[in-house]
Amino acid sequence: MKTMARLLLAALLLGALKFALAADPNKVLHWVLPRAETGFDPARVHDYYSGSIVENIFERLVTYDYLARPSRLVPETAEAMPQVADAGRTYTFRIKPGIHFAPDPIWKGKTRELVAEDYAYTLKRFVDPALRSPWKFLLEGKVLGLDALAERAAKSGGKFDYDAKLPGLEIIDRYTLRIRLTETDYNFAHILAMPTFGAVAREVIEAYAEDTNAHPVGTGPYLLKKWVRSSKLLLEANPHYRGFTWNFQPGLEAGDQALVAAMKGKRMPQIGSIEVSVIEEDQSRWLAFQNGELDLLNMEGPLAPIALPNNQLSAELQKRKVRLNRIVDPEIMYTYWNMQDPVVGGMSKEKIALRRAMAMAYNVAEEIRVIHNGQAVAAEYLVPPGVVGHDAAFQSNIRFDPAGARALLDRFGYRKGADGWRTQPDGKPLVVRYSSRPDSQGRQFDELWAKSLESVGIRIDIHKDKFPELLKAEKLCKLQMRTGAWIADYPDGDNFLQLLYGPNTGQSNNACARIPEFDELYRKSKTLPDSPERNRLYQRMMRSMEAHTPWRLGVSRYRNMLIQPHVQGYKKHPILHAEWLYMDLEQKNGR
Amino acid sequence: MSAYIIRRVWQMVPTLLGVVLLIFFLFNWIGGDPAYVLAGKISNPEQIENIRRQLGVDQPYWKQLLIFLQQILTGDFGASWSTNEKVSQIFLTRLGPSLTVLVPILVLETLIAIVIALGVAYVRGSLTDRLVMVACTVGMSISLLVYIIVGQYVFAYKLGWFPVQGWGESVSENLFVYAALPVLLGLLVGIAPNTRLYRTFILDEINQDYVRTARAKGVSENRTMLVHVLRNALIPIITNVMAYLPGLLVGAFLLERFFSIPGIGREVILAVERSDFPVIKAVTIYVAMATMVINLLADLMYKAVDPRVVLK
């Protein structure tokens, strides 16, 4: 009996080892973060770069298919996609049995299996007032009973009852979690695919409560081996990760077939360790990449034209067989006008004409050339490329047309005074206040907007302030006009259209717009899953936005990934932050 | 001597209080509300209020000031608002890399500048003197940023003599491999102004009567320069070197950023970008205290170097 038990144990160990062996410790990927990370507690950190590490340590119920475009959800720790019932109000997930957390001293040499309760605990953390999670908004008002639990905690001096049974988070059995929502939300699975919703173990969080940012323990493919804050990280393949066989289907994009041919059938992950360096300066990153110290580099900023003259790889890089993978980031940059402002806001024809004229006076092509060094495309639609609901055929009605802008202003009573500047229809002086940060890009936008507005006779007042103060004023609807950006939290148009939804004023609706027509269409769109019907609503919302012009759409920026020749299987995913799990490295001498 | 030291330490108290008040009011009125940054992409008023309550910035000003004073007395500035890392831990881990770069720069640039200054002062008015002074003027006119950008490109990337960036595990590796180029560039920037300054100090002494007397008495030129002139020129030199010392606590931001050195300079800039008040106030207080202590040490050193100095 003892021998049998030993044999069984040996077989189990070998099984575990098989997955561990797939990752070759000699394969070391050299990755770079252009900004310092802040930590690795998924519920606490909200910067993109910490998110890229979190994404590889913790696992969500669902994730994205590596090659499918637009992005498509697939199960991660769930056995299958969730059963969605009750018109998008109930999601039932069944977790794969046998998934284990990475080893940690608190388990005294053992590990623990991931169960449904872990996800319930993970979700509850986001509304714990003591945690002050920057992602709270993703669950606020959504899960039945969760807000009430948070309120009770706030009233009882911060004591959060993690053991409370909630109607919205029902544990059906060890592996099954049923989430009940307060209202229809067909995007809820997208929300749960965000890295921030990776499962954490309650005992780990409680054991390291002093600094949960420094003790990430998840079920994901990599674990944090070493961390020199703001400088270096070393991640190693998690020996308890279950692994998978690379079997993604090629899409229609160029290069997909070759990528599949190189990777198909490989046991993943292949890469044994990831060395992450924080390099903040453009030149340092660029030289380090050219020196072979980095395996991939997002080529952005003022040096991009050197590596990518005419948006093509330079001859030098081509000679070195460096490859380029270029996508349009799922983001939009836009300039908004405060719809509650007495000068530029409001729904009267004169006010709409004023905003429209300012939008028409602005040259997006110049913004791309001067501010983004050619590394951006004009945004025509509220939903950017690569995001569900994007309409590539849509043409915005608002074009660069200074002559048209001047005519519009003349027609609606914004006449030029003796000093050459336009006045308001009631004869009061017209001065538009543009707010920006005191940095180099802020100054470039100041100059471009000043040039644009002055070209149609509108006097501009540039207001500089620190970022926190701008945010504060923005949330209180105190700014008149500002340029901002929004990158997708999840790849669905809803994430962008909510930026103009009236009730989101003071939160994400920076224009403080309350456009009844738009709001009605938005509410209707929320009740629909992705469909032609919802797309039609999106188009009408876009036209409604143009008609009232609370925004001038700007650009979506390119992400230019330079890839060293020995890197295999890499393709930038629009939503996933760091694709280490799907890549391989050709072994090089001396590496 | 003891009475002098006690008096000077006592005088530090009002100065420190002034610094505390200044940093406190600057942060509260100019620094911006950190809650809006920490709240993330989308926040609501309740969330902002919750964050302000947890950070303690919703308290009356007098109470916040009291907590600040308590932190100074205990030396416990709490944890960073954005990373949750203990402020003391930030200093412990980031000061080492900064000192690895800045101490060699300070020591080498002082020694080299003194040697060059002595040499050119001795041959003042000669072609060598004029050439060195022109070189120093040119060197001083170029910004550190240019030295770094060109130096990193030429010495690290093109010639491959140094790593482009990075930081290692051991002190020796860091000192001789990763810090070598930053130190070299720091020296290029620092030697020129110091040489000019020290030359002036030395020339002031060379023209003194006691030098003429020494020479008349047949004292060798080496002894005249190294013992008599240098010793007397050391007082302003020490003042200058001491003025640099508190700067070691805030690191060399540009060198650290370009060469990815995990020093305190980078951390301070990150703290400012993130409105991370616990880190900012700790740095400011430490620098203020270091400045006062170093000034006291400088005065004591004057006495050691020149016994004629009377401490009052």
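Segment A:ASN291..A:ASP401, full-extension length gain: 35.0 nm, with 0.36 nm per residue of separation and the alpha-carbon distance subtracted. Label sites at A:ASP461 and B:VAL227, each approximated as a point 7 angstrom past Cα along Cα to Cβ, lie 7.3 nm apart.
Considering only A:ALA578, A:THR245, A:TRP31, the residue lying farthest towards the positive end of the dipole of the protein assembly as shown is A:TRP31, judged by Cα position with unit charges set on Cβ.
Between amide H atoms placed 1.01 Å from N, distances below 5 Å from B:LYS86 occur with B:SER80, all of them 5 or more places distant or on a separate chain.
Among B:ARG223, B:ARG199, B:ARG94, the largest mean-square fluctuation in a Gaussian network model of chain B, built with springs joining Cα atoms closer than 10 Å, belongs to B:ARG223.
Model label points for A:ARG540 and B:LEU197, set 7 angstrom from Cα along the Cα-to-Cβ axis, are 7.2 nm apart.
In this rough spin-label picture, where each label sits 7 Å from Cα along the Cβ direction, the A:ALA261-A:ARG320 distance is 2.6 nm.
Near A:HIS30, within a Cβ-to-Cβ distance under 9 Å, what is the net charge of the other residues, with Lys and Arg +1 and Asp and Glu -1?
On the way: positive: none; negative: A:GLU275, A:GLU293, A:ASP295.
Value of the local net charge: -3.
For region B:65-75, 3J(HN,Hα) computed residue by residue from phi via the Karplus equation (6.51, -1.76, 1.60; θ = phi - 60°) reads 5, 5, 4, 4, 5, 4, 5, 5, 5, 8, x Hz, glycine and proline entered as x.
Backbone N atoms of region A:371-401 closer than 11 Å to the 7 Å Cα→Cβ label point of A:ALA365 belong to residues A:400-401.
Can you tell me the dipole magnitude for the protein assembly as shown around its Cα centre, using point charges on the Cβ only (Lys, Arg +1; Asp, Glu -1), in Debye to the nearest 20?
Working: 105 positive and 91 negative charges, 182 e Å.
Charge dipole of the protein assembly as shown: 880 debye, to the nearest 20.
Annotation: the protein assembly as shown has a Kirkwood hydrodynamic radius of 31.1 angstrom, from the mean reciprocal C-alpha pair distance.
Region B:239-288 and region A:104-182 have Cα centres lying 40 Å from one another. Going from the fewest other Cβ atoms within 10 Å to the most, the residues A:GLU113, B:GLU267, A:GLU59 appear in the order A:GLU113, A:GLU59, B:GLU267. Which percent of the Cα-Cα distances in region A:191-235 go past 16 Å? Roughly 47 percent, rounded to a whole number. Charge dipole (Cα centre; +1 on Lys/Arg Cβ, -1 on Asp/Glu Cβ; no other charges) of region B:2-74 amounts to roughly 340 debye.
Using the 10 angstrom Cβ neighbour count as an exposure proxy, how do A:VAL278, A:VAL74 rank, fewest first?
A:VAL74, A:VAL278
Applying a 4.7 Å cutoff between beta carbons, the unpaired cysteines of the protein assembly as shown are B:CYS136. Phi angles across region A:215-227 convert, under the Karplus curve 6.51 cos²θ - 1.76 cosθ + 1.60 with θ = phi - 60°, into 3J(HN,Hα) values of 10, x, 10, x, 9, x, x, 10, 10, 7, 9, 8, 9 Hz, Gly and Pro given as x. In chain A, the longest principal axis of the Cα atoms and the axis of helix A:116-125 are about 40 degrees apart. When the label point is put 7 Å from the Cα of A:ALA485 along its Cα-to-beta-carbon vector, which residues of region A:363-382 have a backbone N closer than 13 Å? Answer for region A:363-382: A:368, A:371-377.
When a footprinting reagent is the concern and you count Cβ atoms within 10 Å, what order do B:TYR4, A:TYR434 take, fewest first? It would help to have the intermediate numbers written out before the result.
Values: B:TYR4 15, A:TYR434 24.
If I rank by nearby Cβ atoms, fewest first, I get B:TYR4, A:TYR434.
Across region A:297-380, C-alpha contacts under 8 Å between residues 6 or more apart give a mean separation that, scaled by the residue count, equals a relative contact order of 29 percent.
Counting Lys and Arg as +1 and Asp and Glu as -1, what is the net charge of the other residues whose Cβ lies under 10 Å from the Cβ of A:GLU79? All intermediate terms of the calculation are to be shown ahead of the outcome.
Values: positive: A:ARG94, A:LYS96; negative: none.
Residues near A:GLU79 contribute +2 overall.
Averaged over peptide A:148-158, how many Cβ atoms belonging to another chain are found within 10 Å of each residue's Cβ?
Taking the mean over all residues of the peptide, I get 1.
Highest GNM mean-square fluctuation among B:LEU296, B:LEU73, B:LEU175, for chain B modelled with Cα contacts below 10 Å: B:LEU73. Between 0 and 90 degrees, the angle of helix B:2-30 with respect to the longest Cα principal axis of chain B falls at about 50 degrees. Relative to the longest principal axis of the Cα atoms of chain B, the long axis of helix B:127-141 lies at roughly 10 degrees. By the rule of a C-alpha distance below 13 Å, with chain neighbours fewer than 8 residues away ignored, the aspartates and glutamates paired with A:LYS472 are B:ASP33, B:GLU49. Partner shielding of B:266-279 amounts to 2, given as the average count of beta-carbon atoms from other chains within 10 Å of each residue beta-carbon.
Separation of the alpha carbons by more than 22 angstrom is noted, of A:LYS165/B:LYS41; A:LYS266/A:LYS571; A:LYS110/A:LYS225; A:LYS136/A:LYS475; A:LYS27/A:LYS226; A:LYS351/A:LYS416, for A:LYS165/B:LYS41.
We did not get these values from a lab; they are worked out from the coordinates using the rules stated. Quantities reported herein were computed from a predicted structural model and do not represent experimental measurements. All Cβ positions, glycine included, derive from the backbone under ideal geometry; neighbour counts span all protein chains shown.
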